[in-house]
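The values are calculated or read from the model by the stated rules, or taken from the named source; none is laboratory data. Values in this document were obtained by computation on a predicted structure and should not be read as measured data. Glycine also receives a Cβ, built like all others from the backbone with ideal geometry; neighbour counts cover every protein chain displayed.
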């Protein structure tokens, strides 16, 4: 029985000597990165802009829980995967594949894999936001923005994405606000003060959104906005 237990034991070879401590630290760092993977996906991809725009669209339509959050998140993930596919492929080819082939070490693999992601974020970020977080981080601005660390680029990218998402949300609100104003004016002229305008305008907003093929327009425009900024597609 002891032989069977020893035969089925899982052994992890971390090496020996001076490199043991370094390998343990690298393993702990890798596990930390994997545990933070969902947050990394949110912070460094197109997900922020897409999910905020879809949430604002739901609010503009006057809907509270439809589509549900699970549907919006799922759609945002798929659209983000389409946008990020070239970047992720470059990151895999640059850093992850050489690491798996044991051609480079983990720190070098991280640096090389993060470069395509940083390039994507820099293509979307506003330079004023970069300057803000460079100043807040108390570091000297480099000649090339590509040399900025991720701790500066990532928060600048996030607030730039929020700004763009709110701008798109404003444009989405305008036609539905016009419908609300027209319905409210008609109800007031008819003396129907007790009937909430939101209840009457909701079906008109829904049919308007369906007739203009709103989901296709919004999804396509969101993906293409990233491709234009990145110079692809």
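Filtering segment 110-126 for residues that are buried (at least 17 other Cβ atoms within 10 Å of the Cβ), under 17 Å from the mean Cα position of the chain (by Cα) and under 28 Å from residue 213 (Cβ atoms) leaves a non-empty set. Annotation: residue 107 fulfils all but one of (1) exposed (fewer than 14 other Cβ atoms within 10 Å of the Cβ); (2) farther than 29 Å from residue 89 by Cα; (3) touching a residue at least 40 places away in the same chain (Cβ under 8 Å); the unmet one is (2). Only one of the numbered conditions (1) exposed (fewer than 11 other Cβ atoms within 10 Å of the Cβ); (2) modelled with pLDDT under 70; (3) outside any helix (DSSP H, G or I) is not met by residue 5, and that is (3). Taking the criterion of being touching a residue at least 24 places away in the same chain (Cβ under 8 Å) and either under 13 Å from the mean Cα position of the chain (by Cα) or surrounded by fewer than 18 Cβ atoms within 10 Å (Cβ to Cβ) (or both), the residues of segment 136-154 that qualify are 146, 150, 154. State yes or no: is residue 133 surrounded by 14 or more Cβ atoms within 10 Å (Cβ to Cβ), without any contact (Cβ under 8 Å) to a residue 40 or more places away in the chain and in contact with a helix residue (DSSP H, G or I) (Cβ under 8 Å, 6 or more places away or on another chain)? Yes: the conditions hold for residue 133.
Among the residues of segment 15-60, the ones that are within 30 Å of residue 160 (Cβ to Cβ) and modelled with pLDDT under 85 come to 14 in all. When 157, 166, 170 are screened for being at pLDDT 85 or above, within 24 Å of residue 74 (Cβ to Cβ) and surrounded by fewer than 15 Cβ atoms within 10 Å (Cβ to Cβ), only 166 passes. Do you know which residues across segment 61-81 are modelled with pLDDT of 90 or more and surrounded by 14 or more Cβ atoms within 10 Å (Cβ to Cβ)? Hits for segment 61-81 are 72, 73, 75, 76, 77, 79, 80, 81. Scanning segment 146-194 for residues that are closer than 17 Å to residue 132 by Cβ and outside any helix (DSSP H, G or I) returns 148, 149.
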